[in-house]
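FYI, it's all coordinate maths here, none of it is from the lab. Since we're looking at a predicted model, the values are computed, not measured. Here the Cβ is made from the backbone with ideal geometry for all residues, glycine too, and neighbour counts use every protein chain on show.
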Amino acid sequence: MSETTHNRINADTLHDGSSGTYLPVKGTVTTMATVTYDKASRIYPGTERPAVDQLDLHIEDGEFLVLVGPSGCGKSTSLRMLAGLEDVNGGRILIGDKDVTHIQPKDRDIAMVFQNYALYPHMTVADNMGFALKIAGTPKADIRARVEEAAKILDLTEYLDRKPKALSGGQRQRVAMGRAIVRQPQVFLMDEPLSNLDAKLRVQTRTQIASLQRRLGVTTVYVTHDQTEALTMGDRIAVLKDGLLQQVGTPRDMYDTPANVFVAGFIGSPAMNLGTFKVNGGFAEVGPARIPVSRAAIAALGAEDNGKITLGFRPESLDVVSQAEASAFPVEVNIVEELGSDAFVYGTLKGSLADADVHSGAGDNQVIVRIDPRNVPAKGERIFVAIRPGEEHLFGAGSGLRLPA
Amino acid sequence: MPLQRLQITAADPDPALLDLPWNIPLEEWPADRLAALPRGISRHIVRFVRLSGGIIAVKEIGETVAHREYELLRQLGRIGGVPCVEPVGVITGRTADDGEPLEAVLITRHLQFSLPYRALFSQELRPETATRLIDALAVLLVRLHLVGFYWGDVSLSNTLFRRDADRFSAYLVDAETGDLHAKLTDGQRNYDVDLARTNIIGEMMDLQAGEYMDEDTDIIAIGDALVQRYNELWAALTDEETFGAADRWRVAARIERLNALGFDVGELEMTTDLDGTKVHIQPKVVEAGHHSRRLLRLTGLDVQDNQARRLLNDLDEYRAASDRQGEEEQFVAHDWVTEVFEPTVRAVPRTMRGKLEAAQMFHEILDHRWYISEKQRRDVPMPEAVESYVTNVLAHRRDEQQLLGLAPEDAALQEDGGSWG
């Protein structure tokens, strides 16, 4: 990469429009802090299956990327490989165009945010934020300048010379963030940073981290098991399962066009309903309902799919209809969950569908239907629902892969 | 009664736990329930509570994290030989009287005679105290790393210290950020050590800002000493050593060196080159507690390693003085316990026995006897030494069995770090 593309200095990156604050952040000023996983693998000694299997992932400069997946999927291991805490047993990891695969953690120019929450009671807020710089021998004037800049961004300016006991819980969180910011790293790493917080602080801090990251423009890799956190915070999301990258894309991509059954079921709350059905004469046979399947989808089915498709439909993609409709199928209402603006029916498929292979976030043989909150059915009632045309998701029953519409 | 469905996860649940006011946020627990408040600012609310004759530490924390930390501490307990606090259980399903759900709690048993670092620094801090704490922390970190535990937030405040003869031993208190691996990578170890250095220097900066520590003390040097001590110890315990086939004595020398550091060698790998001229040795399994295991085997006394070292030395002296070198060691040890150790400890008035652990007291009495014997240029007998120690030393010491933090009524001092009387 040439010097000219490598060093981006222009008025826009020096100036944060929202507050008129000069941000002396290395990541946005001097270097392209992209992060690249190049077929990076981690295999724990004594195990055969890689914890992270040939991960290929490119994170853009300034991007907020969320690694998400169930426990044991390899998301934390991937983050720790970038941090230098896990060995890379195959492939490489690059920050910018520098290969950091075998570089010690402290020499990688990264910061683990929230690695240390403990505030020092006798020190001012400013000293609490800047103490690591003092240890590193940074000149006093520089420390003060960096701390003041960080404090402006964090709305802590008026507290700088006070003691931490004057701060609220949320402000203390921001001091912890400030500690990472003043170090001006190329990349921020956050490993489930909200898991230690109580519910109230969690939501508050989630919003703060996301907006702060956008203001700073520092490349950030964030790990969570919570898909809601991923959807609300990330520019892009990478879903992992069993050490394999399933899909990477914007929250919208993941929600609208999940690449496989796993992503379809994992992203979204309440989860997507998924059922496996026989395809016959261009239709999926969903009990009494005939749901048209495109020619392209049928053509894409492979031998392993055995003539079946997995049909996905989100709770909000169902309409309550009359029994007479060709695509209607019956659901017996078990529970109605009323949330004010929304209401959900948790129900069981009935009739010839009673034995169908269907599941949802609520469990096997259960479907979830979003209904009009001003017109909710009673428990035990049987309703008929139909998938809104074009809102179904089709996957090969064997491969689990998305089929063309 | 408040409507709450508590779920208590514990290996050995104490029914008395049910009597505690779980329907009240920990921060609002009435003072009469509390043994003490912790000092300083912590990210979680922690309280010390008396329960069934002992003291427990109760920490409010998210449910998942509480279970995770509980399991981690249990695993460390099962591995054995890892100095850490003992988990009691996790309580979930707490509900306030107004129906609001309350945070889960993690309960650990208070470690008797343990001292938070603020309690040690805020008396008159001598530079050697700092050095000894750092040494203890380096040993703890090495021991944790040997079993594959990555701490993630090493600091003085996440550690408790116990007096251990003329040194300290350190115990892990907070395992929230930790992780147990089959084997740590160099990256994990180096990160832990680097973070420890930063945190410790930060904590000492705080002590200096609060005027608990001389501002001229070179705290960066103390932080660097941790890194150095850790690296030296790690190398001594794990490095491969190569020597000529004629120098076989170096095998025994390596084991002796590890014993002197307080470690037993469970497995030592020895390989030779194809032509047999060079020998390589590398310890594969090492375990701390060399002296305490030996003392336990001989006497049944379960004490810390440096205390054990001191007691074993006294036992050796006893054996020499009574001219019983030829006898079975166990028999001599039994007599030493009944004739020397127990009478000495029992000579201390009952009211003062809670000030220090028995083995620690014995160590200090030996020190005191040496000191007054020097001064009086005669061999002061043990009963006389005990009397002098009790009057001149122990009477002026604080009670350290349950030195916890602030009295419950001093809540206002908590966030200032508080001062120790």
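Candidate cross-link partners of B:LYS375 among the lysines, defined by an alpha-carbon separation under 28 Å and a same-chain spacing of 8 or more, comprise B:LYS355. Our summary gives chain A a relative contact order of 15 percent, counting only alpha carbon pairs under 8 angstrom and 6 or more residues apart.
Take the alpha carbon gyration tensor of the protein assembly as shown, find the square roots of its eigenvalues, order them as a ≥ b ≥ c, and report rounded if a/c is under 1.5; if not, report prolate when a/b exceeds b/c, else oblate.
Working: a/c = 1.87, a/b = 1.79, b/c = 1.04.
It is prolate, given that a/c is not under 1.5 and a/b is the larger ratio.
Calculated mean residue ellipticity at 222 nm for chain A: -7000 deg cm²/dmol, from DSSP H runs with n ≥ 4 weighted as -39500 (n - 2.57), summed, divided by the residue count and rounded to 500. For the protein assembly as shown, the dipole from Cβ point charges (+1 on Lys and Arg, -1 on Asp and Glu) about the Cα centre works out to 580 debye, to the nearest 20. The distance between label points at B:ASP314 and A:ALA354 comes to 8.1 nm (points 7 Å beyond Cα on the Cα→Cβ vector). Using θ = phi - 60° in the Karplus curve 6.51 cos²θ - 1.76 cosθ + 1.60, the 3J(HN,Hα) couplings for segment B:4-10 round to 8, 9, 6, 10, 10, 9, 7 Hz; x is entered for Gly and Pro. Only Cα pairs under 8 Å and 6+ residues apart enter the sum, and on that basis the relative contact order of segment B:93-182 stands at 28 percent.
For A:LYS379, the lysines whose Cα comes closer than 30 Å to its Cα, not counting residues fewer than 8 places off in the same chain, are A:LYS350. Straight-line cross-link partners of A:LYS278 among the aspartates and glutamates, defined as a Cα under 17 Å from its Cα and at least 8 positions apart when in the same chain: A:GLU304, A:ASP305, A:ASP355, A:ASP357, A:GLU392. Counting only alpha carbon atoms, the long axis of helix B:186-209 and the longest principal axis of chain B meet at about 70°.
Using the charge dipole of chain B (Lys, Arg: +1 at Cβ; Asp, Glu: -1 at Cβ; taken about the Cα centre), state which of B:THR338, B:PRO116, B:THR272 has its Cα farthest towards the positive end. Sorting the options by dipole projection puts first B:THR338. I need the helices of chain A that pass two filters: whole DSSP H segments spanning 15 Å or more by Cα along the axis, and mean Kyte-Doolittle score no lower than -1.0. Counting only whole DSSP H runs, the qualifying helices are A:125-135, A:140-153, A:169-181, A:199-216.
When only Cα pairs below 8 angstrom with a gap of at least 6 residues are kept, chain B shows a relative contact order of 16 percent.
Can you classify segment A:320-361 as rounded, prolate or oblate using the Cα gyration tensor, where a ≥ b ≥ c are the square roots of its eigenvalues, rounded means a/c under 1.5, and otherwise it's prolate if a/b beats b/c and oblate if not? Oblate is the answer for segment A:320-361, as a/c is 1.5 or above yet b/c matches or exceeds a/b.
Mind checking B:191-198 for the average number of partner chain beta-carbons within 10 Å of each residue's beta-carbon?
Average per residue, whole number: 4.
Distance between the C-alpha centres of segment B:348-414 and segment A:110-145: 40 Å, rounded to the whole angstrom.
Out of all Cα-Cα pairs in segment B:274-314, roughly what percent, to the nearest whole number, are more than 16 Å apart?
Details: 397 of 820 pairs.
Tail of P(r) above 16 Å: 48 percent of Cα pairs.
How about segment B:199-240: which GluC sites (Glu not before Pro) there lie in a loop by DSSP and see at most 14 other Cβ atoms within 10 Å? Present the calculation step by step, with values, prior to reporting the outcome.
Values: sites: B:GLU203, B:GLU211, B:GLU215, B:GLU232, B:GLU240; in loops: B:GLU211, B:GLU215, B:GLU240.
Here the GluC sites (Glu not before Pro) that fit, given the DSSP loop and packing criteria, are B:GLU211, B:GLU215, B:GLU240.
Among rounded, prolate and oblate, which fits segment B:241-288 when a ≥ b ≥ c are the square roots of the eigenvalues of its C-alpha gyration tensor, a/c under 1.5 means rounded, and a/b larger than b/c means prolate? Because a/c hits 1.5 or more and a/b fails to exceed b/c, segment B:241-288 counts as oblate. Charged side chains reduced to their Cβ positions (Lys and Arg at +1, Asp and Glu at -1) give segment B:18-81 a dipole of some 300 debye around its Cα centre. The peptide list B:26-39, B:368-381, B:151-164, put in order of mean Cβ contacts within 10 Å with the highest first, becomes B:151-164, B:26-39, B:368-381. Once both labels are positioned 7 Å from their Cα atoms along Cα-to-Cβ, the gap between B:ASN392 and B:GLU71 label points is 5.7 nm.
Assuming 0.692 mPa s and 37 °C, estimate D for segment B:1-128 with Stokes-Einstein, Rh taken as the Kirkwood radius over Cα pairs, in µm²/s.
Roughly 207 µm²/s, to the nearest whole number.
Residues within the reach of a label modelled at A:ALA299 (point 7 angstrom out along Cα to beta-carbon, backbone nitrogen below 17 Å), restricted to segment A:372-399, are A:396. In terms of other Cβ atoms within 10 Å, B:LYS183, B:LYS355, A:LYS106 run from fewest to most in the order B:LYS183, A:LYS106, B:LYS355. Each residue of segment A:345-360 is assigned a 3J(HN,Hα), and the resulting list reads 9, 9, x, 10, 6, 10, x, 5, 8, 4, 9, 5, 8, 10, 8, 8 Hz, derived from the Karplus form 6.51 cos²θ - 1.76 cosθ + 1.60 (θ = phi - 60°), x at Gly and Pro.
Report, to one decimal in Å, the Kirkwood hydrodynamic radius for chain A based on all distinct Cα pairs. Write out the running numbers ahead of the final one.
Values: mean 1/r = 0.0419 Å⁻¹.
One over the average 1/r among Cα pairs gives 23.8 Å for chain A.
Model label sites at B:GLN282 and B:VAL345, defined 7 Å from Cα along the beta-carbon direction, differ in position by 4.2 nm.
Can you tell me which of A:390-397, A:248-255 comes out highest on packing, and rank the rest after it, using the mean Cβ neighbours within 10 Å?
On the way: A:390-397: 19.6, A:248-255: 17.4.
Ranking the peptides A:390-397, A:248-255 by packing returns A:390-397, A:248-255.
Starting from one equal scatterer on each C-alpha and no solvent at all, send me the Debye-based log10 I(q)/I(0) for segment B:291-396 at q = 0.12, 0.18, 0.21 Å⁻¹, two decimals. At q = 0.12, 0.18, 0.21 Å⁻¹ the computed log10 ratios are -0.40, -0.89, -1.16.
Once the convex hull of the C-alpha atoms of segment A:83-146 is built, how many Å³ does it hold per residue, rounded to a whole number?
Numbers: hull volume 7.3 nm³, N = 64.
Spelled out: Cα convex hull of segment A:83-146, divided by residues, is 115 Å³.
For the peptide A:166-179, the mean number of other protein chain Cβ atoms found within 10 angstrom of a residue's Cβ is 1. Assuming charge only on the beta carbon of Lys and Arg (+1) and of Asp and Glu (-1), the dipole of chain A about its Cα centre is about 1060 debye to the nearest 20.
Rounded to the nearest whole Å³, what is the per residue volume of the convex hull around the Cα atoms of segment A:201-270? Mind showing how you got there, number by number?
Numbers: hull volume 6.6 nm³, N = 70.
Dividing the Cα hull volume of segment A:201-270 by its residues yields 94 Å³.
Taking the empirical scaling 2.2 N^0.38 Å for compact globular proteins as reference, segment B:115-238 has a Cα radius of gyration ratio of 1.01. Per-residue ellipticity at 222 nm, computed for chain B from helices alone with -39500 (n - 2.57) per DSSP H run of at least four residues, works out to -13000 deg cm²/dmol.
So how much slack lies between A:ALA145 and A:ARG382, counting 0.36 nm per residue of separation and subtracting their Cα-Cα distance, in nm? Can you show the working numbers first?
On the way: separation 237, 0.36 × 237 = 85.32 nm, distance 6.69 nm.
Full-extension gain reported as 78.6 nm.
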